[in-house]
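To keep things clear, I will list the structure first and then write my remarks on it.
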Amino acid sequence: MPWTTPPGAGATVHIWNGYSLAERDRRWRAVRENAGKAGFDCILIPLGDGIDARYMTQLRCSAMALPTDGRAPIVIADRKSSNRWVPEPWQTGREWAELMGEALLDLGMERARVGVAGLKGGTVTHRSSIDGVVNHTALEHAMGKVPNARFENATDVVGIVRYVKSAEEIEFVRRSAQVANAGLDELLKLARPGADAGVLYAAVLARLLELGSEYFPLTLTIDPIGTAKPKRYTNPPIGRRLESNALITNEINAIVGAQLTEVCQPILLGKIPAEWKPVIELQKEIYEAGLQMIKPGVTFGALKDFVNGFGAPRGMKTAIQLHGCGYGDDGPLFTLRAQSDRARELAIEPGNAFVWKPMALSADGKIQFTFGGPLIVTENGCESLFKRTHGMLAIV
């Protein structure tokens, strides 16, 4: 059933869409294989799951119904969207729910077992969205068009494909890491007492965009070292200036080829206090030990237990911090608050790409130090893409 753009609908916003047709075919084939093994007749990527939809279509806003029997998928696209991957989508303005249901009917899914990507948070994708990301109103309408079909969560069917990067994707992870590092260079160049923090924030972001990154906000803190709960900024700190002894913690993200990477290295506008030095040295030890441990076959449970237990014999604390590189909200996700226990038995594989930035803490937790950036898992170990000399950068 063909659909065309309703009269008056405007052109969609362009996004980068430079992956090859071979990459499209690899992704579609891998998702079909995973879905078939799970017993699904079709994978539905509904309205709301924009990340997985972009991964499968390279379109800014789309939905997809992918049958597992090898037939071509039906893609519903925003307004006048199309590209090499999807030259003839069903185009729409606002009729997403109706078209999703019509796509399932058109594919003969009246009594099928349909897997829904993004229905719940997954093991390695949508890690920050425990309850999923789909538009439930639209999904419910689509389900009503095929009342005898069964709908079940299939986030991991797509997620496990995203988890292992292709050679094309790895090349863009490398480029993204280079851009993120250039952003850190810009921050280091401009961070001085008296500098306008809002202007500094904008300049770093402008440098990332100039080098080809998609927009993604920086995260900074700029309060004096030792501040108990420094304010985190994800927008320009308008009206603030950097002061002497400010500790600038940072998360500088770049997105190139749809691959998000992150680097972080604290900058201090003053001398490093003596009590911080053992914590910084401990973080160097666990950072380097982790790089040695991250290799194919190692489970995330083993890595987590190793890292979280590393600091105690030294009278301090250590905590694993790791997340995936990729299209967004990639996992597994390990932070002080999120520990991805669902991924304990999941093994690291060649082609994985992670941001590795473990934390070291004083015994009372008042001193915390994080340093790190992206890495790629190879056949025999891992390759760090963050080549900087370890430590806190002191500008005196």
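Answer yes or no as to whether R94 is closer than 24 Å to I15 by Cα, in a loop (DSSP other than H, G, I, E, B) and open to solvent by 60 Å² or more (accessible area, probe 1.4 Å).
yes
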Quiz prompt | Search result, residues across the stretch 165-206 that are of a type in the set (G, A, S) and out of contact with any strand residue (DSSP E or B) (no Cβ under 7 Å at 6 or more places or on another chain) | solution = S166, A167, A182, G198, A202, A203, A206
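Please verify whether the stretch 352-363 includes one or more residues that are open to solvent by less than 40 Å² (accessible area, probe 1.4 Å), more than 28 Å from E243 (Cβ to Cβ), assigned to a loop (DSSP other than H, G, I, E, B) and touching a helix residue (DSSP H, G or I) at 6+ places or on another chain (Cβ under 7 Å).
yes
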Quiz item: Only one of these conditions is not met by S81: (1) in contact with a strand residue (DSSP E or B) (Cβ under 6 Å, 6 or more places away or on another chain); (2) open to solvent by less than 10 Å² (accessible area, probe 1.4 Å); (3) at pLDDT below 95. Which number is it?
Solution: (1)
Quiz item: So how many residues does the stretch 12-58 have that are open to solvent by 10 Å² or more (accessible area, probe 1.4 Å) and either of a type in the set (V, I, T) or closer than 19 Å to V157 by Cβ (or both)?
Solution: 23
Exercise. Would you be able to tell me the number of residues in the stretch 307-323 that are closer than 16 Å to I348 by Cβ and either open to solvent by 60 Å² or more (accessible area, probe 1.4 Å) or in a strand (DSSP E or B) (or both)?
Key: 2
Quiz item: Could you list, in sequence order, the residues of the stretch 155-171 that are outside any helix (DSSP H, G or I) and among the basic types (K, R)?
Solution: K165
Practice problem: Residues being over 30 Å from Q58 (Cα atoms) and either in a strand (DSSP E or B) or in contact with a helix residue (DSSP H, G or I) (Cβ under 7 Å, 6 or more places away or on another chain) (or both): count how many of those fall in the stretch 251-278. | Solution: 3
Practice problem: Can you give me the number of residues within the stretch 215-234 that are open to solvent by less than 60 Å² (accessible area, probe 1.4 Å), within 23 Å of I395 (Cβ to Cβ) and assigned to a loop (DSSP other than H, G, I, E, B)? | Solution: 6
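The values are calculated or read from the model by the stated rules, or taken from the named source; none is laboratory data. Treat the numbers as computed from the prediction; the structure is a model and nothing was measured. Quick reminder, even Gly has a Cβ in these numbers, built from the backbone with ideal geometry, and neighbours come from all protein chains shown. Please note that ligands, DNA and RNA were not included when accessible areas were found on the heavy atoms of the full protein model with its side chains. Shrake-Rupley method; radii C 1.70, N 1.55, O 1.52, S 1.80 Å.
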